[in-house]
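To keep things clear, I will list the structure first and then write my remarks on it.
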Amino acid sequence: MTRTNQTGHVRARYGMCLNDQCSKAKAKEVQEISARKEFVCEECGKPLRECPPPPPPTNWLKIVLIVVVVAALGGGGWYFISSQADKPSVVVDEPPTDSIAPVDTTAVPTGGPDTKKPVETTGKKEPDTKIVNGRGTVDLGYGTYTGDLKNGKPHGYGVITYKTSHKIVSSKDFVANPGDTFEGEFRDGRISGLGYWKHDGNETAVKP
């Protein structure tokens, strides 16, 4: 996986060392190598295997603050519920919610077979907010894709989470099962470069 700047030029590449004698390989460390440098391990100098960049570090402080706020709101809600339970309940007669509002008869002709009844509307149709270009999530039928999109199709870098058994690429015999994921490059809705299939706790490199 590569990182580019705003002009589209490659700034850095990411890779893992495959040398069993190297401490970075044993730790499975993802190394960021500048595009101007040779794509080799910084420790042992062996060639690297290209891979996706490491995920950003987890902001534990933010998570702890969210948990504290939720706990505080939960306690306040329980106090409100318990205080309301001690109050006597008041029953108010309300009209049924499914009743139809009275119709203005001055605007509707009456008498005769051509009399028209008012049409009851159920609400406006929600606009279609489906993401066509950019980054988003689409349902592929056999799985759900999250990543870069072009014309509503996977195009760029993204991840497929499979819902049913499905052949990953037509040229290989790799078949993903429900719950498996594939992370890699896509073009016009198809896998176009090296990616990684995660299944049963394992990771397998797959090329089209």
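The values are calculated or read from the model by the stated rules, or taken from the named source; none is laboratory data. Note that the coordinates shown come from a computational prediction; the quantities given were computed from them, not determined experimentally. Note that each Cβ is placed from the backbone with ideal geometry, even for glycine, and that neighbours are counted across all protein chains shown. Please note that ligands, DNA and RNA were not included when accessible areas were found on the heavy atoms of the full protein model with its side chains. Shrake-Rupley method; radii C 1.70, N 1.55, O 1.52, S 1.80 Å.
The figures follow:
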quantity	calculated
Net charge, residue 18 excluded, C-beta distance under 10 Å - Lys, Arg +1, Asp, Glu -1	+1
Accessible surface ranking that places the most exposed of 61, 149 first, with a 1.4 angstrom probe	61, 149
Residue 169 long-range amide H proximity, modeled H, under 5 Å	174
Amide H within-cut-off set for residue 199, under 5 Å, with H built and near neighbours excluded	204
Test item: Cα-centred dipole of segment 164-208, Lys/Arg +1 and Asp/Glu -1 on Cβ, debye	180
Of 37/153; 62/150; 46/172; 153/198, those spanning more than 25 Å from alpha-carbon to alpha-carbon	37/153; 62/150; 46/172
174, 39, 182, reordered so the largest accessible area comes first (probe 1.4 Å)	174, 39, 182
Residue 200 - accessible surface, heavy atoms, 1.4 Å probe, Å² rounded to 10	140
29, 183, reordered so the largest accessible area comes first (probe 1.4 Å)	29, 183
Charge context of residue 142, other residues only, Cβ under 15 angstrom, K/R +1, D/E -1	+2
